[in-house]
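Chemist: Have a look at the structure that comes next, please.
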Amino acid sequence: PLLFLHGAYAGAWCWESFLEGCASHGYDAYALSFRGHGRSPQIAALDSYGIDDYVQDLESAIETLPQSPILIAHSMGGFVAQRYLSRGGKVAALALLASVPPYGLTGSALYMGMFYPRLLVGLNQFEFGPDAHPDLNMVRELLFSADMTEQKLLEFAAAAQRESSRALMEMMLPQPWRLWAMPQVPALVLGAANDRVIPESD
């Protein structure tokens, strides 16, 4: 089975086209919304949840599957997947898509602050500001390629949500020692040259 893990500000909904495509090729495909995300009933308590809570959600989801899955994880979901594996979790393989590295977001914050400060400010305004409706041009520049359609941008912006402040702070803490705790599993790591959030070096 394939199990998809979403990044910050999203939910299982972001994988809909991936689930349909994988299912059409004969794969059992699932997507998890971490607590406080998507249609989770715990949204009101979002800021009380941290990475450990998301790891527990992942453990619970994997326990329901008939065999160890291939995890396909984006951004924060990749960080959660790596934390799960570092604690002895078992998977058949792992795909990390523009993932937060095991040592956290410090490098990303410095990268954005140096090269894309306007986008970093816009992201912080969405997370901490009074307006929960992101600017579509900012969303396109921050997360998508230039040819993303206006309709797709509107759909994403309508579904996007705040992230847990606690989870973000936990990812911001420098954690270099986690590099030495990663298990050996078959893994694919994908990054994008024009990614404005996770630098290629990560």
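Chemist: Using the crude model of +1 on Lys and Arg Cβ and -1 on Asp and Glu Cβ, and no other charge, please compute the dipole size for segment 27-86 relative to its Cα centre, in debye to 20. Please report the intermediate quantities before stating the final value.
Modeler: Working: 3 positive and 7 negative charges, 28 e Å.
Dipole size: approximately 140 debye.
Chemist: Pull out the extension gain between Glu155 and Lys90, defined as 0.36 nm times the separation in residues minus the alpha carbon to alpha carbon distance; nm, one decimal.
Modeler: Net length gain for the segment: 20.0 nm.
Chemist: Express the carbon and sulfur contribution to the solvent-accessible surface of the chain as a percent, rounded to the nearest whole number, probe 1.4 angstrom.
Modeler: The nonpolar share, carbon plus sulfur, comes to 59 percent.
Chemist: Gap in Å between the Cα centre of segment 52-106 and the Cα centre of segment 151-196?
Modeler: So the two Cα centres are separated by 11 Å.
Chemist: While we're looking at this one, here's another question. Looking at Ala31, Met171, Pro41, which one has the Cα that reaches farthest to the positive end of the dipole of the chain (charges on Cβ: Lys, Arg +1; Asp, Glu -1)?
Modeler: Met171
Chemist: Further question on the same structure: Taking the Cα centre of segment 1-146 as origin, sum charge times position over the Cβ atoms of Lys and Arg (+1) and Asp and Glu (-1), and report the length of that vector in debye to the nearest 20. Present the calculation step by step, with values, prior to reporting the outcome.
Modeler: On the way: 7 positive and 13 negative charges, 57 e Å.
Using only the charged Cβ atoms, the result is roughly 280 debye.
Chemist: Something else: Which residue, chosen from Ser68, Leu119, Leu153, occupies the Cα position most advanced towards the positive end of the dipole of the chain, where the dipole is computed from +1 (Lys, Arg) and -1 (Asp, Glu) charges on Cβ about the Cα centre?
Modeler: Projecting each Cα onto the dipole axis, the largest value belongs to Ser68.
Chemist: I would also like to ask the following. When only Cα pairs under 8 Å and 6 or more residues apart are kept, what is the percent relative contact order across segment 9-60? Mind dumping the intermediate values first?
Modeler: Working: 43 pairs, mean separation 15.5, N = 52.
For segment 9-60, the relative contact order is 30 percent.
Chemist: Sort the following peptides by mean Cβ neighbour count (other Cβ atoms within 10 Å, averaged over residues), highest first: 154-164, 80-90.
Modeler: Values: 154-164: 16.4, 80-90: 19.4.
Ranked from most to least packed, the peptides come out as 80-90, 154-164.
Chemist: Out of every Cα-Cα pair in the chain, what percent are more than 22 Å apart? It would help to have the intermediate numbers written out before the result.
Modeler: Details: 9612 of 20301 pairs.
That fraction is 47 percent.
Chemist: Could you do me a favour and compute the accessible area per residue for segment 94-202, 1.4 Å probe, result in Å²? Let's see the in-between values first.
Modeler: Working: 6570 Å² over 109 residues.
Value for segment 94-202: 60 Å² per residue.
Chemist: Using a Förster distance of 25 Å, how high is the FRET efficiency between Ser48 and Arg178, based on the Cβ-Cβ distance and rounded to 0.05? Spell out each step's value before the answer.
Modeler: Working: r = 23 Å, r/R0 = 0.94.
FRET efficiency, Ser48 to Arg178: 0.60.
Chemist: Show that you can apply the helix-only estimate: for the chain, add -39,500 (n - 2.57) for every DSSP H stretch of four or more residues, divide by all residues, and state [θ] at 222 nm to the nearest 500. Kindly include the intermediate steps, with their values, before the conclusion.
Modeler: Working: 8 runs with 81 residues, N = 202.
So the calculated ellipticity at 222 nm is -12000 deg cm²/dmol.
The values are calculated or read from the model by the stated rules, or taken from the named source; none is laboratory data. Nothing here was measured: the structure is a model prediction, and the numbers come from that model. Here the Cβ is made from the backbone with ideal geometry for all residues, glycine too, and neighbour counts use every protein chain on show. For the accessible areas, the whole protein counts, side chains as well, though only heavy atoms, and no ligand, DNA or RNA atoms are used. Shrake-Rupley method; radii C 1.70, N 1.55, O 1.52, S 1.80 Å.
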